[in-house]
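Below is one structure, written out as structure tokens; the observations come after it.
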Amino acid sequence: MTAARSLTTVAEFFEAGLVAEEKRAEARAVAEGYTVAITPSLAALIDRDDPLDPIARQFVPDAAELVTLPEERADPIGDLAHSPVEGIVHRYPDRVLLKAVHVCPVYCRFCFRREMVGPEGLGTLSPAALDAAIAYIAERPEIWEVILTGGDPLVLSPRRLHAIMERLAEIPHVKIVRFHTRVPAVDPARVDAALIAALKASGKTTYVALHANHPREFTTDARAAIARIVDAGLVMISQTVLLKGVNDDAAVLAELMRTFVENRVKPYYLHHPDLAPGTSHFRLTLAEGRALVESLRGRVSGLCQPSYILDIPGGHGKVRADSRAVEEADDGCFRVRDFRGETHLYSPEEGGA
Ligand code: SF4
């Protein structure tokens, strides 16, 4: 099987009926600042007659992206503050991100790394930079888990993925390798036997975290791709971004979480949307997010409950947004306690109210 080519220009989006003539100029202006791409399989899912289509909302450029608010940041979760060498983010003691590539098969309009991904982004690690990143991991016995993200690591060829896994296999203290990807849902044909074999390494346990935000992303082909991964012995978990106009609805969220579980993907993260530039039209408040997550309790099985996560702006790490580590303050702010015990204010402008 070969993966189909993504649509990567506003002209291609227009020809596919995804951008209306009267919105072409705005879409071009958006594309000058942020990369656009959608795979043919996702484009086929979009109802051209529905102006509120939740798949289109995730991938079709929108004039709202031209509005950047003062509180929005190029690096909303503070990757750069925790990057000791190129390609590594070391925020927590026992795990690192390894960002080998900054390319994706689709470009999500809400992406928290939108200033880093795409052809104009941080690119693919050079062989020398990859050597340095692997050496950093090898020299630190406290690193138990390596999380390949980017970008979408599953755009790399099986040969390159295998080469990375071989290098990690030589590091005894690394026990877990986790891949964060949208590929099984957005480009399922790419998930073939060679790719799956490349995700395995002797002595390591591989997790594949599938990013999906709406139950319609689970097409027949996507379900089959997921089944190929799970049948091969890899563990799958989910990640979803809570997005206004896509899944900010109790019934949609419940169906999405059930769909993950039915496909042997354990719900893991439900991310509160980050303060990425030009994404305010996607953001709920923390209070709205908490109410939605609360509505899942009791409504769906415990198997279907994700952790609702806020990445504290500025690089202070993740916190459970529905836990006592996030408390309402009198002034419309939330007081947020990070994993080190330090407290930060999350203001109404940031989505606190
Ligand atoms: S796949 Fe992930 S890294 Fe790529 S654009 Fe979407 S959110 Fe960003």
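The values are calculated or read from the model by the stated rules, or taken from the named source; none is laboratory data. Note that this is a predicted model, so its numbers are computed, not measured. Cβ sites come from the backbone with ideal geometry, for glycine too, and all protein chains shown count toward neighbours.
Summary table below
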| item | result |
| --- | --- |
| Any hit, segment 53-66, residues being among the basic types (Lys, Arg) and either surrounded by fewer than 20 Cβ atoms within 10 Å (Cβ to Cβ) or within 12 Å of the ligand (Cβ to nearest atom) (or both) | no |
| Residue within segment 260-267 that is charged (D, E, K, R), more than 16 Å from the chain's Cα centre (by Cα) and modelled with pLDDT under 90 present | no |
| First in segment 250-265 and touching a residue at least 40 places away in the same chain (Cβ under 8 Å), second anywhere and among the hydrophobic types (A, V, I, L, M, F, W, C) and assigned to a loop (DSSP other than H, G, I, E, B), Cβ under 6 Å, 6 or more apart | Thr259/Phe218 |
| Condition met for Ala189 (more than 12 Å from the ligand (Cβ to nearest atom), buried (at least 17 other Cβ atoms within 10 Å of the Cβ), farther than 20 Å from Gln58 by Cα and among the small types (Gly, Ala, Ser)) | no |
| Conditions (1) basic (Lys, Arg); (2) at pLDDT below 95; (3) under 30 Å from Pro127 (Cβ atoms): number failed by Arg73 | (3) |
| Residue count for segment 122-138, restricted to those that are within 16 Å of the ligand (Cβ to nearest atom) and touching a Lys or Arg at 6+ places or on another chain (Cβ under 8 Å) | 2 |
| Test: residue in segment 157-164 that is under 26 Å from Phe218 (Cβ atoms), in a helix (DSSP H, G or I) and at pLDDT 95 or above | yes |
| Any hit, segment 103-110, residues being buried (at least 23 other Cβ atoms within 10 Å of the Cβ), within 15 Å of the ligand (Cβ to nearest atom), closer than 25 Å to Ser280 by Cα and among the basic types (Lys, Arg) | yes |
| Top-ranked residue of segment 175-192 - restricted to ones that are assigned to a helix (DSSP H, G or I) and in contact with a Pro (Cβ under 9 Å, 6 or more places away or on another chain), ranked as farthest from Asn213 (Cα to Cα) | Arg190 |
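For every residue, the table says whether it meets (1) buried (at least 16 other Cβ atoms within 10 Å of the Cβ); (2) touching a strand residue (DSSP E or B) at 6+ places or on another chain (Cβ under 9 Å); (3) among the acidic types (Asp, Glu).
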position: Thr220; (1), (2), (3): no, no, no
position: Ile226; (1), (2), (3): yes, yes, no
position: Phe260; (1), (2), (3): yes, yes, no
position: Arg264; (1), (2), (3): no, yes, no
